[in-house]
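Visitor: Next up is a structure, given as structure tokens.
Read-outs throughout are calculated quantities, based only on the coordinates presented, and are distinct from any laboratory measurement. Keep in mind that what you see is a predicted model, and the values were worked out from it rather than measured. Here the Cβ positions follow ideal geometry from the backbone for every residue, glycine too, while neighbour counts run over all protein chains shown.
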Amino acid sequence: MMLAAGLRIGIFTSVFGAGLGRAVAVCMVMPLVFFIAFVPPSLWGILAGPAGLGFGAVFLALAIIWAAIADRAGRPHVQSTFKLLQAFLSSWTENRSGGIEEMFESRAHEETASTGVLRIIAAGKETAIVLPDIHPGPFGQVGGSNLPYALFARFGKRALVMHGVSGHSFNIPSAREVDRYIAGLDGLGRKDSGDTASEPVQIKQGSATATAIAFGRTALVMLSLAPKGTEDIPQKVRQELESHAATRGFGLLVADCHNAMGGDLDDADGGDMIVAAKACLDRLHGAPQYKFSSGFASLDDVPHALGGAAELGQSGLATVVFRINGSDYAIAWADANNMENGLRDRIISAVAGARLLEVCTSDTHATSGKRTREGYFALGTASSQDAIAKAYADICTAASARLEPAAFETALATSKVKVMGEKQFEDYSSALDRSMNITKAFVGMTFAVFVAMQVLAS
């Protein structure tokens with residue numbers, strides 16, 4: 001009975017958030033009721049015997065001590081590990097994000113975030129390639145996880161919201177801060193404009209591929225390590241490329257294609273990426289530019305077999321096609337968290353009529369919270385890769401059919417927004433790890449006491 005009460009104390013304090021005193025009082029009731037209901041009165045003396053009272057007291061003491069120590073495992077940075085667990089469970093199982101967002105926001109700090117936008121205007125319609133400094137995250141519907149769709153909607157659902165060169169430290173902690181960030185885009189300031197573009201340049205160096213197009217004096221550079229794959233590209237890569245672009249007279253928009261699964265970018269691959277991108281900028285310097293046309297299409301414009309795809313956020317798939325100097329070039333995009341290795345090349349092979357330069361993802365975290373090792377399904381994991389490739393082929397065809405003479409504008413907005421920083425994740429991870437280690441130790445002690453009780457009772 002006391003063992004059952006101890007287990008209930010653990011559940012009530014950690015999962016349901018009951019205070020320790022209340023948990024002890026409540027958790028004794030049900031085991032006592034069952035004991036009275038199912039144990040004959042003639043055996044009640046067992047409960048009052050020295051052995052029964054002693055072992056029962058040990059079980060209760062272990063539960064109470066565990067609850068007190070495990071809850072404090074994250075201090076001084078995390079005051080209550082149990083409150084962190086409860087807030088996470090509430091957001092995950094009930095889509096109630098207020099508690100965990102309040103916790104995240106209380107420890108967030110303010111940063112200046114930039115958002116670069118390449119606007120393509122054709123036949124009175126605008127298509128935007130958006131590059132936020134902000135990183136989608138942290139998970140599910142919490143904070144800025146659905147930021148790519150919020151930006152997609154902000155630009156009239158005619159946008160490719162690329163994964164900018166930023167990491168998880170730039171996650172927005174709450175929906176309120178997302179709204180503040182989106183409102184800051186009203187201050188977009190025009191940097192460049194015109195109606196000419198260069199032919200694309202694509203250079204492969206080692207495992208890295210860099211693809212670049214110049215629109216006037218602005219270069220759009222897309223970086224990929226597919227099919228090898230990598231995690232987020234660090235900001236030092238962008239900073240070095242921005243310095244090099246300035247020597248070539250270019251403003252720079254850098255997209256992390258985020259289109260194959262892999263670990264952190266190592267020095268060798270990062271060096272290859274920089275070499276390839278610099279070579280692209282060198283070739284664009286002085287390259288001729290031409291009047292161009294543009295067309296846009298999304299998943300909503302074609303019949304497809306991807307309804308309810310677990311990997312896709314609300315924005316789905318989209319493609320923009322450019323006709324430059326008589327040739328058609330396409331950039332494809334998915335509102336997804338990364339991509340299965342090899343799928344990029346499969347999609348490129350499936351597209352006809354235009355040269356598909358890159359397939360990029362938004363790195364949305366709105367689709368996270370899945371029971372996989374990564375916590376999400378990369379594009380092509382849960383859905384048919386043939387269906388995905390066919391959808392892209394059809395979208396490219398639809399975008400090509402809408403080609404119209406185009407002009408461009410580049411714009412930049414900077415705004416203040418709270419971000420989570422790197423230390424929050426470290427503190428939460430450390431608190432949960434320490435709490436788990438404490439739990440394992442107490443489970444071991446409880447098991448040892450239970451075995452000793454069985455041995456003495458036999």
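Visitor: Any idea which of P136, G270, A226 is furthest toward the positive side of the dipole for the chain, if Lys and Arg beta-carbons carry +1 and Asp and Glu beta-carbons -1?
Guide: Towards the positive end, the residue furthest out is P136.
Visitor: Can you find, among L241, M436, A401, the residue sitting farthest towards the positive end of the charge dipole of the chain, where Lys and Arg contribute +1 and Asp and Glu -1 at Cβ?
Guide: Going by the Cα projections, it comes out as M436.
Visitor: Continuing with this model, one more query. With labels modelled as points extended 7 Å from the Cα through the Cβ direction, what inter-label distance (nm, one decimal) is found for M445 paired with A268?
Guide: In this crude spin-label approximation the distance works out to 4.9 nm.
Visitor: Put a dot 7 Å past each Cα toward the Cβ at V275 and R158; how far apart are the dots in nm?
Guide: For the pair R158/V275, the computed spacing is 4.2 nm.
Visitor: Quick one: dipole size for segment 119-200, taken about the Cα centre, charges +1 on Lys/Arg Cβ and -1 on Asp/Glu Cβ, in debye to the nearest 20.
Guide: Working: 9 positive and 8 negative charges, 46 e Å.
Roughly 220 debye for segment 119-200.
Visitor: Going by how many other Cβ atoms sit within 10 Å of their own, how do M273, M103 line up, fewest first? Please list the in-between numbers first.
Guide: Values: M273 26, M103 21.
So the ranking, lowest neighbour count to highest, is M103, M273.
Visitor: Same structure, new question: So if I place +1 on the C-beta of Lys and Arg and -1 on the C-beta of Asp and Glu, and nothing else carries charge, what would the dipole magnitude of the chain be about its Cα centre? I want it in debye, nearest 20. Before the final figure, lay out the partial values.
Guide: Values: 39 positive and 44 negative charges, 144 e Å.
With Lys and Arg at +1 and Asp and Glu at -1, about 680 debye.
Visitor: If you rank D186, D71, D427, D300 by fewest surrounding Cβ atoms within 10 Å, what's the result?
Guide: Values: D186 9, D71 23, D427 17, D300 12.
Ranked by crowding around the Cβ, least crowded first: D186, D300, D427, D71.
Visitor: A further question on this structure: Ignoring everything except DSSP H segments at least 4 long, calculate the 222 nm mean residue ellipticity for the chain; use -39,500 (n - 2.57) per segment, divide by total residues, nearest 500. All intermediate terms of the calculation are to be shown ahead of the outcome.
Guide: On the way: 13 runs with 191 residues, N = 458.
Calculated at 222 nm, the ellipticity per residue is -13500 deg cm²/dmol.
Visitor: Run the numbers for S327 and A452: contour at 0.36 nm per residue of separation, minus the present Cα-Cα distance, in nm. Present the calculation step by step, with values, prior to reporting the outcome.
Guide: Working: separation 125, 0.36 × 125 = 45.00 nm, distance 8.03 nm.
My answer for the length gained is 37.0 nm.
Visitor: Based on the Cβ-Cβ distance of S243 and E422, what FRET efficiency does E = 1/(1 + (r/R0)^6) give at R0 = 25 Å, to the nearest 0.05? Mind dumping the intermediate values first?
Guide: Numbers: r = 24 Å, r/R0 = 0.97.
FRET efficiency, S243 to E422: 0.55.
Visitor: Roughly what angle does helix 235-247 make with the longest principal axis of the chain, taking Cα atoms, 0 to 90 degrees, to the nearest 10?
Guide: Approximately 20 degrees, to the nearest ten.
Visitor: Now for a separate question. Roughly what % of DSSP beta bridges within segment 111-419 run antiparallel, to the nearest 5? Intermediate values should be presented prior to the final figure.
Guide: Working: 61 of 78 bridges.
Taking every DSSP beta bridge with both residues in segment 111-419, the antiparallel ones total about 80 percent.
Visitor: Next question. Quick one: net charge of V417's neighbours, Cβ under 9 Å, K/R +1, D/E -1?
Guide: Values: positive: R180, K416, K418; negative: E110, E111, E177.
Net of charged neighbours comes to 0.
Visitor: Which label marks the calculated value of Rg and Dmax of the Cα atoms in Å, given the options [x] 24.7, 88; [y] 21.7, 69; [z] 28.1, 99?
Guide: Looking at Rg and Dmax of the Cα atoms in Å for this model, the match is [z].
Visitor: Would you please give the FRET efficiency between R217 and A183, computed as 1/(1 + (r/R0)^6) with r the Cβ-Cβ distance and R0 = 30 Å, to the nearest 0.05? Don't skip to the end; give the middle numbers.
Guide: Values: r = 29 Å, r/R0 = 0.97.
With R0 = 30 Å, the Cβ-Cβ based efficiency is 0.55.
Visitor: What is the fewest-to-most order of E404, E340 by other Cβ atoms lying within 10 Å of their Cβ? Write out the running numbers ahead of the final one.
Guide: Details: E404 14, E340 23.
The order, fewest Cβ neighbours first, is E404, E340.
Visitor: Any chance you could check the Cα centroid distance between segment 235-299 and segment 52-94 for me, in angstrom?
Guide: Measuring centre to centre over Cα atoms gives 49 Å.
Visitor: If the chain between A123 and M436 were fully stretched, how many nm would it gain, using 0.36 nm times the residue separation less the Cα-Cα distance?
Guide: My answer for the length gained is 106.8 nm.
Visitor: So, one more: With each label point set 7 Å from Cα along the Cα-Cβ vector, what nm distance links K204 and S114?
Guide: About 3.1 nm separates the two model spin labels.
Visitor: To continue, here is another question. Setting aside same-chain residues fewer than 8 positions from K228, which lysines have a Cα under 26 Å from its Cα?
Guide: K204, K236, K278, K370, K390
Visitor: Assuming R0 = 45 Å, what is the FRET efficiency of R176 and A352, from their Cβ-Cβ distance, to the nearest 0.05?
Guide: Given R0 = 45 Å and the Cβ-Cβ separation, E is 0.45.
Visitor: In degrees between 0 and 90, to the nearest 10, how far off the longest principal axis of the chain does helix 20-38 point, with axes built from Cα atoms?
Guide: Rounded to the nearest ten degrees, it is 60.
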